[in-house]
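For reference, the structure discussed in these notes is given below.
The values are calculated or read from the model by the stated rules, or taken from the named source; none is laboratory data. Everything numeric here is computed off the predicted structure, so don't read it as measured data. All Cβ positions, glycine included, derive from the backbone under ideal geometry; neighbour counts span all protein chains shown.
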Amino acid sequence: MKRAGVTEHALRRAVREGSVFSVRRGWVALRDADPLLLAAARRGVVLSCVTLAARKGLWVTSNSETHVAAPPGSGHASAVRGIVHWSRPAFPRGPDQLEDSIENALILVARCQPHEDALATWESALRLRMVDPEVLGRARLPPAARELLESARPFADAGTETIFHSRLRWLRIAITPQVWIVGRPVDFLIGERLVVQIDGGHHVGAQRTSDIGHDAELMLRGYHVIRVSYDQLMNQWPVVQQRILAAVGQRLHLAA
């Protein structure tokens, strides 16, 4: 506060008047302050991992618990409700930070989350240009983060597309994301003629009508279209995979 030009007298008066309140030694907050930031300040931690990623608008598969980061031996952090990542950051944190850097958060995501979920978050960060892969590449990354950096690409329009692609990488057929066909991009083109569209929650109403029309145009031009819902992708993957393999077995991915 002093660095911001607020005098000690003005601060004490604000506390007396109730416009700000003490959080812990050296910290005060406005009455409408963010509850998560308040909790972080009280415990001497920073919001990180999937919690920080979600706050920044990145794709995360699960964010049911609060994830924070703290240096090894930080006493207050032991009382945190949620997941505490005890580690030294690859990118130094300022003493007044309550939110981790995106780079540090992604490194923790790599260690904390299943591979395909972590990959979806990393690809979301690359697509939104929130991180520079060259900067990350020069950092001392743990093996899991290094592997994600090498495999992540900035092309997925959503995390569901990353997960779909990751699950079919073993298939020895070209799977190309975001291909422009008949005036619009399709999520994936398998081979030359098999189109896979991953539907999200917005595929209703006018959007759904437009999608149906585009599917018809694709089929009239010799493409075969498979649509996959979010629930099918996340909870019924064996059925989805078998449907795609059946199409490939019938050579529907090949041009006539």
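If the Cβ limit is 8 Å and pairs must be 6+ apart or interchain, which residue in region 231-256 that is touching a residue at least 40 places away in the same chain (Cβ under 8 Å) and in a loop (DSSP other than H, G, I, E, B) pairs with which residue that is among the small types (Gly, Ala, Ser) and surrounded by 14 or more Cβ atoms within 10 Å (Cβ to Cβ)?
Correct list of pairs: 253/191; 253/247; 254/191.
Please state which one of 179, 195 is crowded, with 18+ Cβ neighbours inside 10 Å and in contact with a strand residue (DSSP E or B) (Cβ under 8 Å, 6 or more places away or on another chain).
Values: 179 fails: crowded, with 18+ Cβ neighbours inside 10 Å.
Being crowded, with 18+ Cβ neighbours inside 10 Å and in contact with a strand residue (DSSP E or B) (Cβ under 8 Å, 6 or more places away or on another chain) holds for just one of 179, 195, which is 195.
Based on this model, can you work out whether residue 176 counts as under 18 Å from residue 200 (Cα atoms) and modelled with pLDDT of 90 or more? Working first, answer last.
Values: under 18 Å from residue 200 (Cα atoms): no; modelled with pLDDT of 90 or more: yes.
It is false that residue 176 is under 18 Å from residue 200 (Cα atoms) and modelled with pLDDT of 90 or more.
Are any residues in region 41-66 under 17 Å from residue 122 (Cα atoms) and either in contact with a Ser or Thr (Cβ under 6 Å, 6 or more places away or on another chain) or modelled with pLDDT under 90 (or both), and if so, which ones? Please lay out each step first, then the result.
First, the residues of region 41-66 that are under 17 Å from residue 122 (Cα atoms): 48-63.
Selection gives 51, 53, 58, 59, 60, 61, 62, 63.
Specify the residue that is surrounded by the most Cβ atoms within 10 Å (Cβ to Cβ); the eligible residues are those in region 122-151 that are out of contact with any Phe, Trp or Tyr (no Cβ under 9 Å at 6 or more places or on another chain) and basic (Lys, Arg).
Out of the qualifying residues, it is 146.
With respect to residue 147, determine if the residue is within 30 Å of residue 91 (Cα to Cα), touching a Gly at 6+ places or on another chain (Cβ under 8 Å) and not assigned by TED's automatic domain parsing to the domain that holds residue 244. Let's see the steps before the verdict.
Working: within 30 Å of residue 91 (Cα to Cα): yes; touching a Gly at 6+ places or on another chain (Cβ under 8 Å): no; not assigned by TED's automatic domain parsing to the domain that holds residue 244: yes.
Considered against the rule, which asks whether it is within 30 Å of residue 91 (Cα to Cα), touching a Gly at 6+ places or on another chain (Cβ under 8 Å) and not assigned by TED's automatic domain parsing to the domain that holds residue 244, residue 147 comes out as no.
For region 213-233, give me each residue that is loosely packed, with under 13 Cβ neighbours inside 10 Å and of a type outside the set (Lys, Arg). Before you say what the answer is, go through the steps one by one.
So the first thing to find is which residues in region 213-233 are loosely packed, with under 13 Cβ neighbours inside 10 Å, and the list is 213, 216, 219-222, 231.
Those that are loosely packed, with under 13 Cβ neighbours inside 10 Å and of a type outside the set (Lys, Arg): 213, 216, 219, 220, 222, 231.
Could you tell me whether region 165-186 includes any residue that is within 16 Å of the chain's Cα centre (by Cα), in the same structural domain as residue 214 (by TED's automatic domain parsing) and farther than 19 Å from residue 102 by Cα? Don't jump to the end; show me each part of the working.
Of all residues in region 165-186, those within 16 Å of the chain's Cα centre (by Cα) come to 165-166.
Next cut, in the same structural domain as residue 214 (by TED's automatic domain parsing) only: 165-166.
The next check asks that each one be farther than 19 Å from residue 102 by Cα; those that pass are 165-166.
Yes, the conditions are met somewhere in region 165-186.
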